[in-house]
Each structure stands twice: as C-alpha cells, then as structure tokens.
Protein chains: 2
Amino acid sequence: MSQQRHGSTPGSGSGNVPAFPDLPEATIARLPEYLRALHNLGEGGSDTISSEGLAAAAGVNSAKLRKDLSHLGSYGTRGVGYDVALLIEQIEYVLGLDQRRAVCLVGVGNLGHALAGYDGFASRGFKIVALLDADEAKVGEVIHGLAVRHIDELAQVAVEESIAIGVIATPAGAAQAVADELVAAGVTSILNFAPCVLSVPANVDVRKVDLAIELQILSFHEHRKATLTALPGGRSATGAGNQEAVGS
Amino acid sequence: MSQQRHGSTPGSGSGNVPAFPDLPEATIARLPEYLRALHNLGEGGSDTISSEGLAAAAGVNSAKLRKDLSHLGSYGTRGVGYDVALLIEQIEYVLGLDQRRAVCLVGVGNLGHALAGYDGFASRGFKIVALLDADEAKVGEVIHGLAVRHIDELAQVAVEESIAIGVIATPAGAAQAVADELVAAGVTSILNFAPCVLSVPANVDVRKVDLAIELQILSFHEHRKATLTALPGGRSATGAGNQEAVGS
DNA sequence: AGGCGCTTGTGAAGGCGTGCACAAATCGCG
DNA sequence: CGCGATTTGTGCACGCCTTCACAAGCGCCT
C-alpha cells in the first residue's frame, strides 16, 4: 500500500523550473559518486575529463556514466569531454546541494557519537545542527562543539533550523517512535541506522543503512568462495562481480 | 561447516554440500533482512510465520519473499507458513553465519572507534578480533576491551585469527594502501567506509558504504519534493518510492 | 472421507537497468 | 578548408528482477 508510481511529470510546457525528467533511481544513486570523483579530479588540476576517465575514477562503466549524465542534459563536448567545474555545478544542482542542508541527529550513543563528528557530512553539503537524545544523562554533553538536547525539543529545533533531514542512530526499539516524532516535526527524509523497518507516510523518504547486513552479505560470499575452492574444479578466483557498491 | 543439518539436504545425491544454486544478488542482499525479522518474531514467541507476515516485518513484497526463499529450497508448509526456527537455521547456513566470522578493523578514528564498539556486529555473527591503525599515537590504546595494534602487524594477526573479512575505516587517502595490505594478508572480503573506489583482485569482494552519499541521495529527493510542491498541481505528497533500503 | 479455506511455490509478463556499437559532433592540424 | 582523431549521446538488444495470478498442496472441520 501507499507506494505509488510516479504520475509522470506532465509534458512540461508550464515554463517553470524544468524540475527533473524523472531520473532513474539507479542514476541518482550514482550521481554522488560521480560528484566525489569530480571533486578529486578538480583538485588535481584537471579542467576537463572524458567519460572514460571519470568512469574509471568512479568505478563504473563509461557507457553507463554517459547515459547517466545524458539524463540530466548534455553538458559534455564531443571530442573533448566534460568540463569538470560545470559538471560539478550541474550535479550539485540536481542533488539539491547548492544549498547547505540542515540535519538533525537523534541518538548519541556509540554510533551517533561518531556520526556527529564525521567530517564527510560537513565537507559534502550537510551541517548537523542538532543532536538529540532521550537519555537525560546525555543531555547537555557537548560533542564536537554541539550540545546534546533532549528529544522533546525536537519540534522546536526543527522549525528553528528548518530541518528537513533526520538521522536515526538509536537502538532498534526506539527507532519507530523517533521516526514518528521526526515526521511530526516536519522532517521528510530519514536516514535510518537502526536495524528495523520504519513505517512512515508516503511523502517521507527513508534510506536504511545496516552495517551488520553489509557484513552478512560479505559473509555469504566468503561462504560461497570457501565451498567453491573445496569443490573438484578447484579454479577459485575470478568471482563473479566483486566491487558491489551500496545504494538501492 | 556446521554440525547437524535439520531435515536432510534436498539435493542429496553426490552426498556433499550442494553449494548453492547461484542465488540472485538481489536475493542475497535481502536474506539478512529476513533473518533479522525472523529473530524478532522468534523472540516474540511466534512458531510459524506466513510469507505475508514475514514480508511485512521485513518491509518487502510477499511474492518477492516467497521467491527469494524458494531459491534456497522449500522450507515452508502450504496452508501454514514457514517454521521460524528452521528458516533461521537455513538462512544462517546459507549466509555462512553458522560459524562466527573473525573481522579486523583498520582505522580507529572517529568512525572506526564507533564501529569497534558496535553491538550489532557481535550479536549477528561477527567478532572483531583486531583493531589496527597506522598512527603510533593510537597503538596500544584499548577500545572496548581490545588493544589497537600497528598496521604492520596485520599479516601476522590475519593468520593467527584466520581473518577473511576486513573493514576499512581510514581516510580516503589511506584506503587503497590498506586494501592492498589486507589482500596481501589473505583477506578476501572488504567492507569499505572510505569515500573512494578500491582496486582489488577479482577474487576479493568489496562492499562500500558511504554515509555522505546516502544523505546526498536524500537531498535529491528533498530537492525534488520541494520543486514539486512549488508546481501548479500542488498535490505534493505521495512521492514515488519511499522506503529505499540500501544494498546493491 | 471429503470438502473447504488458507498458503506456498512458480509460470509468465512486464519493467528496469546495463552494455554494446555506432552515428553525430567537435577540435586540431595540415 | 577539409580531414582525421577523438569523444559524446543514444538506439537497441539482452538479462535480471519484480509482480501478478494461479495451480498445487496442506490442515482442519464436519
């Protein structure tokens, strides 16, 4: 239930922001990777980059990369490649990173503590503006320059800081309640680190990251490799695909 | 591997472990989720569970779940459902979780510190047996009961503890070098938290988790929702898909 | 024993994503 | 000014995955 297909963006014509021709989810998931590669290249002094080069830096097939980029308009020059700076600008625009996004983090336990200090957020367009926890003992503690506030202040903080994205780093048992509170506070995107399924309204996006699951998937491949090497054929190596990247 | 199989391995014949008919990657990525849901149900006292119920608990379509489970043999009973305990055993066997797997963690910085103490690993079949770092200042530090050792000891530790899985939680700049060392030490599965592409031999599996990328994907959806609500139709809500779960 | 309701397992259809292969376009050079 | 080298953008085919829909199987009740 809930969950419905894109209505399709009507035939444009309205003349407004073109919004985006609905990009394939697979493409969206790769854009950040391209962006990171482009930033590296840019710092390296490159001015333009070929699809082949960028694809290598991002770890994907070059045809796939070209098709991905073609979805958001043609910003390459045949015979030359892509203008690094321009492409960065374009991708950041599409991803909505031209504005710094405020994020709140709920659950300052083991993992939450680390996330609060994770450089990668700040350096890539996000700013954690609030740390929240239900544990009174943790309230007031200053972590990486930010004081932990009580979860009850969520609604107030969310409005003050215009928070649209929330990160849940609580135990699984508390995650659904926190999610409900985030939604009530107007948050429409949630990154969930708790190992559980969240139930949210259809207009709220949830992405789940479960570290143990990643290891379990690797465990399967280990198991498979182990049984394969034990088999007659013997030829182990050359596993099927090996560089799996996360991202639905 | 593992002592008693419950009710006879279907295939039989050759007498050996049939290995697995190669499961679709998509299925493999979901098995851990099913497993988690099953454990919850088991603790809740449930003895059997229908595909509908388990699918709901795991956040997937019931037909998909049935097909996934059918790939690893038929362990359900028509008209009744699946035996929770039996299914747990089966999935754990397929994932290779019937043996506790030793993991080493390289990079005891902000994130690595948290991973070292993450309960989810221990409770789901993994044991971090070594913490490694290149920073001499960190060597010797005891984190969650385990002393940090210098990266140069990697090869030795890997052999001692039979480590097949390594976790990289270093800055991006050091990740490739660490990966090379892990591979040299015999590690064949790597979970990479550094924001960069790793180059490894074909027989080594790599899974990448980039926390900033997850946020950027959410940012895109925020951006899209924002532009949609600004459009004529006004009907905001009901975004396309909302409960995206990570996993390639 | 027989029938009825429930649930699994699966054939088939459709959609999505990937990758090849090539036409179109651009630049640089003679 | 034209030609060749290079690289983008994309039509097309293929394969994987998802989803529907239903037959087959199982237990229970009468």
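Let me know the mean shielding of A:101-111 by other chains, meaning the per-residue number of their Cβ atoms within 10 Å of its Cβ. Could you put the intermediate results ahead of the total?
Working: counts 6, 0, 3, 0, 0, 0, 0, 0, 4, 9, 7.
Counting Cβ atoms of other protein chains within 10 Å of each residue's Cβ and averaging gives 3.
May I ask you to derive the FRET efficiency for residue B:142 and residue A:142 from their Cβ-Cβ distance with R0 = 35 Å, giving the value to the nearest 0.05? Display every interim value, and only then the final one.
On the way: r = 24 Å, r/R0 = 0.70.
Given R0 = 35 Å and the Cβ-Cβ separation, E is 0.90.
Please compute the per residue accessible area over the protein assembly as shown with all protein chains in place, 1.4 Å probe, rounded to a whole number of Å². Before the final figure, lay out the partial values.
Working: 21670 Å² over 496 residues.
In whole numbers, the protein assembly as shown has 44 Å² accessible per residue.
Compute the label-point distances linking residue B:145 to its equivalents in the other copies; points lie 7 Å from Cα along Cα→Cβ; give nm, one decimal, shortest first.
Spacings between copies for this position, smallest first, are 3.6 nm.
For residue A:85, go 7 angstrom from Cα along the Cα-to-Cβ vector, then report the distances to that same point in the other copies in nm, smallest first.
Distances to the matching label points in the other copies: 6.9 nm.
With a 1.4 Å probe, what is the total accessible area buried between chains A and B, in Å² rounded to the nearest 100? Let's see the in-between values first.
Details: alone 15310 and 14710 Å², together 21670 Å².
For A against B, buried area totals roughly 8300 Å².
Would you list, by chain and number, the aspartates and glutamates whose Cα falls below 14 Å from the Cα of residue B:225, excluding same-chain residues fewer than 8 positions away?
Within reach: A:22, A:205.
Going by average Cβ neighbours within 10 Å, how do the peptides A:182-188, A:96-102 rank, with the highest at the top? Intermediate values should be presented prior to the final figure.
Working: A:182-188: 19.1, A:96-102: 17.0.
Per-residue Cβ counts within 10 Å, averaged per peptide and sorted highest first, yield A:182-188, A:96-102.
What are the distances, in nm and sorted shortest first, from the label point of residue B:229 to the label points of the same position in each other copy, with each label point placed 7 Å from Cα along the Cα-to-Cβ direction?
Spacings between copies for this position, smallest first, are 5.4 nm.
May I ask you to list the residues of the stretch B:95-115 whose amide nitrogen lies under 15 Å from a point 7 Å from Cα along the Cα→beta-carbon direction of residue B:153?
B:104-108
Can you pull the mean other chain C-beta count within 10 Å for peptide B:199-206? Working shown, then result.
Numbers: counts 3, 2, 4, 7, 9, 6, 13, 6.
Going residue by residue through B:199-206 and averaging, the value is 6.
What is the set of long-range amide H partners of residue A:205 at a cut-off below 5 Å, with H atoms built 1.01 Å from backbone N?
Here A:189, A:190 satisfy the definition.
Please report, largest first and rounded to whole Å, the three semi-axes of the ellipsoid equivalent to the protein assembly as shown, where each semi-axis is the square root of five times an eigenvalue of the C-alpha gyration tensor. Let's see the in-between values first.
Values: eigenvalues 242, 157, 135 Å².
Working through the eigenvalues yields semi-axes of 35, 28, 26 Å.
Quick query: amide H of residue A:48 versus all other amide H atoms, modeled in the peptide plane; which residues come in under 5 Å with a sequence gap of 5 or more or a different chain?
Here the answer is A:84, since their amide H atoms fall under 5 Å of that of residue A:48.
What 222 nm value per residue comes from the helices of the protein assembly as shown, counting each DSSP H run with n ≥ 4 as -39,500 (n - 2.57) and dividing by all residues, nearest 500 deg cm²/dmol?
On the way: 18 runs with 199 residues, N = 496.
Helix contribution divided over all residues of the protein assembly as shown: -12000 deg cm²/dmol.
For residue A:164, which sequence-distant residues (separation of 5 or more, or a different chain) have an amide H within less than 5 Å of its own amide H, given hydrogens modelled in the peptide plane?
It is A:102, by chain and number.
In peptide A:62-74, what is the residue-averaged number of other protein chain Cβ atoms found within 10 Å of each Cβ? Display every interim value, and only then the final one.
Details: counts 0, 0, 0, 0, 0, 0, 0, 0, 0, 0, 0, 0, 0.
Rounded to a whole number, the mean comes out at 0.
Let me know the charge dipole size of chain A about its Cα centre in debye, to the nearest 20, where only the beta-carbon of Lys, Arg (+1) and Asp, Glu (-1) is charged. List each step's numbers first, then the result.
Values: 18 positive and 27 negative charges, 206 e Å.
It works out to roughly 980 debye.
For chain B, which whole-number percentage of the solvent-accessible area (1.4 Å probe, protein heavy atoms only) is attributable to carbon and sulfur atoms?
Numbers: 5540 of 10540 Å².
On chain B, the fraction of accessible area on carbon and sulfur atoms equals 53 percent.
The values are calculated or read from the model by the stated rules, or taken from the named source; none is laboratory data. Keep in mind the model is a prediction, meaning the values are calculated, not measured. Glycine also receives a Cβ, built like all others from the backbone with ideal geometry; neighbour counts cover every protein chain displayed. For the accessible areas, the whole protein counts, side chains as well, though only heavy atoms, and no ligand, DNA or RNA atoms are used. Shrake-Rupley method; radii C 1.70, N 1.55, O 1.52, S 1.80 Å.
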